[in-house]
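A.B. asks: One structure, pasted below without further comment.
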Amino acid sequence: MKHSMRNWHTWGSVALGVPLLLVGLTNFFIAHQKSLGTKEIVLPIGGNAGPAVEIRASARIGNEQWLGTMQGVFRIEDDTATPLQGSPSDEIRDLVSADGAVLLAGKRALWRYEGGRATQVYKADCWQIAVSPTGYTAACKDEGLLTSTDGMAWRALAVRFPSNSAHGANAKEAGIPLSKFIMDLHTGKLFFGKQYEWIWIDLLGLACVGLGLTGLVMWMRARRQRAQVQG
């Protein structure tokens, strides 16, 4: 019985060693996918020509129709969409004309496209951008509402909601939803904040890689020792 349990433990560790190793390694790529640019790298798997273009926004820029997609900005010419030269490698969710330039709201940043090249003007995860009476406004995740007079310099605009509104009352009474608390605990945002949650993910990834490698090494050593004893 003792040897049977030990065998189950040994083979279970071996079976889980490779998955733990894969989980640990992929953790790093998931946590740093923006800086590594893994979304822009296409693997020749399955014989596909590449990922399907998913449209996120459409706007009339001058006399042309432009599209914001997960793969950047496209311009429609004769019913054919062609990539816009110099556009950012980002998921573009909204676009608007801005005094001879075009402002782009992307997953990685706000961009200003002018003269055939894109310049990052504010680093944030943004969804929507619009012309306002005082210039331009953009709605961004974790940043809230951003405002700019020229489309170049952006600042966060403090917006206060009335305490008797539905969202205000719920937030005051309920605090933080349990689901968000659990998610923040899982990702490490609760400890390090959104900007540095990658530290938590990297630590867990290192732990998984370490457990997977040491488990495999111990198993290989045990097999080698048994072979020497039997020999």
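Each value in this text was obtained by applying a stated rule to the coordinates, not by laboratory testing. Given the structure is predicted, the values throughout are model-derived calculations rather than measurements. Note: ideal-geometry Cβ built from the backbone for every residue, glycine included; neighbour counts use all protein chains shown.
A.B. asks: Assuming 0.36 nm per residue, please report the length gained on full extension of the stretch Glu54 to Asp99 beyond their Cα-Cα distance. Don't jump to the answer; show the numbers that get you there.
C.D. replies: Working: separation 45, 0.36 × 45 = 16.20 nm, distance 2.78 nm.
Using 0.36 nm per residue and subtracting the Cα-Cα distance, I get 13.4 nm.
A.B. asks: Quick check for you: which residues of the stretch 106-120 have the amide N under 13 Å from the point 7 Å beyond the Cα of Glu64 toward its beta carbon?
C.D. replies: 113-118
A.B. asks: Hey, another quick one. Tell me, what is the FRET efficiency for Met152 and Phe181 to the nearest 0.05, using R0 = 45 angstrom and their Cβ-Cβ distance as r?
C.D. replies: Working: r = 38 Å, r/R0 = 0.85.
The calculated FRET efficiency here is 0.75.
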